[in-house]
Amino acid sequence: MTIAESVATMAAEAREASLVMARLSMGEKNRLLLAMATALEEQSAVIIAANEKDLEAGKAKQLSSAMLDRLMLNPARVTAIADALREVAALPDPVGEISNMRKRPNGLMVGKMRIPLGTIGIIYESRPNVTADAAALCLKAGNAVILRGGSEAINSNRAIAAALQSAMTSLSIPAAALSLIPFTEREGVLEMLKQEEFIDLIIPRGGESLIRFVVENSRIPVIKHYKGVCHVFVDNGADFDMAERIIINAKTQRPGVCNALETVLIHADAAAEFIPRLTTTLGELGVKLRGDERFCQLAPSATPATEEDWYAEYLELILACRVVKDMDAAIAHINRYGSLHTESIITNDYSRAQRFIREVNSSCVMVNASTRFADGNQLGLGAEIGISTTKLHSFGPMGLEDLTTTKFIVYGDGQVRE
């Protein structure tokens, strides 16, 4: 069977299995996730042995130490993956929720019921834990899932998927509800993206180049998240101690993640007092600053910023800084250069905070808080499948509810349309 035929068969079988998943009760889905967690732990030695093959291949390819660390599994990490499945099992099940029930003038009762999306394709890189995490979230929401991980983790992903499928078989749930494309060739991805008859949504997780490749080649709706160009605006009259603490956290806690701070905007009336202290503190932490003309006048150690710096997602200890004359200029900058990810205002003025929330067009907008809180777990979703910076069908961190949709339900007692 060719790659194209294999992927098409996998997609068709997943569609059939999704109908089974949609009928499962919350208890049945939770028992499945708990059985999967146990299977991972019981097959830990097999999974780690498969992971060692990936690590050896990665070293031969001269992958970076950071990449190898993301790839590496050990008993503690396998246990952590299993525990993550148990956490998903403990989350409330959104499927079947009824909302907006209302009575029409003709007596009809009209509402909405939350239902699974159907079949979800996940395309991801590097981390083998995503195989289990993504599968658990999709299955808990009553969907089938087709996974395609990166070639660097192929042996690990196969072993994890096999463990998860063994738990499904033991509970008489079709293994096709969780499929892993076993091919490392790019053709496997391209064929997956053609299966619009069977796959309802594609979620890519990885770098900007991967996501753009998926978007350019998919016939299926794609959840997009190209990059995170996150901003903090320090308003006039802001608490400078608070502003400094938030900027330090947002930039330096984990600079290589998408919700890390990339650009600071400073109100002109606050610049003379705030910039020298911020520059000193960030310099001590090893942060390199790139600023506009006014910022560089107040921070001689900064490098002049270029137009490209305002669009940049550095993912390292580099921070773009600009002095803006007022909130209008701050909002205009964010809406021009931002990536619709996360923005925060540091202010003591309630009305300006409310205006910032209304007018900034990003998926997460914060007041007096670090951009690092733009995370499903931190926002109370329990776990996230990814972050969407497009508005259909979800915007921002995506949890279980975002892996579902709604249908109208209507109760009548004999009404006919006149």
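Odds and ends about this structure:
- Matching residues, the range 281-308, being surrounded by 13 or more Cβ atoms within 10 Å (Cβ to Cβ) and either touching a residue at least 40 places away in the same chain (Cβ under 8 Å) or β-branched (V, I, T) (or both): T281, V287, T303
- All of T371, T406 fail the test of being closer than 27 Å to A144 by Cβ and either of a type outside the set (D, E, K, R) or surrounded by 20 or more Cβ atoms within 10 Å (Cβ to Cβ) (or both), apart from T406.
- Sole residue being in contact with a Ser or Thr (Cβ under 7 Å, 6 or more places away or on another chain), of a type outside the set (F, W, Y) and either within 23 Å of L117 (Cβ to Cβ) or surrounded by 14 or more Cβ atoms within 10 Å (Cβ to Cβ) (or both), chosen from A35, A12: A35
- Counting only strands (runs of 3 or more DSSP E) that sit completely within the range 88-172, those holding 2 or more residues that are surrounded by 20 or more Cβ atoms within 10 Å (Cβ to Cβ) and not hydrophobic (A, V, I, L, M, F, W, C) correspond to 119-124.
- In the range 368-418, the residues that are more than 30 Å from L265 (Cβ to Cβ) and part of a strand (DSSP E or B): T404, T405, T406, K407, F408, I409, V410, Y411
- Only listed residue being under 23 Å from A144 (Cα atoms) and of a type outside the set (A, V, I, L, M, F, W, C), chosen from G386, G412: G386
- Looking only at residues in the range 197-222 that are closer than 21 Å to M1 by Cα and not β-branched (V, I, T), the one that is surrounded by the fewest Cβ atoms within 10 Å (Cβ to Cβ) is E197.
- Of all residues in the range 1-45 being in contact (Cβ under 8 Å) with a residue 60 or more places away in the chain and not in a helix (DSSP H, G or I), the one that is farthest from L178 (Cα to Cα): Q43
- The strands (runs of 3 or more DSSP E) falling completely within the range 194-305 that include 2 or more residues that are in contact with a helix residue (DSSP H, G or I) (Cβ under 9 Å, 6 or more places away or on another chain) and within 18 Å of T389 (Cβ to Cβ) map to 201-205, 230-234, 261-267.
Just so you know, all these numbers are worked out from the coordinates, no wet-lab data involved. Everything numeric here is computed off the predicted structure, so don't read it as measured data. Ideal geometry is used to build each Cβ from the backbone, glycine not excepted, and the neighbour counts take in all protein chains shown.
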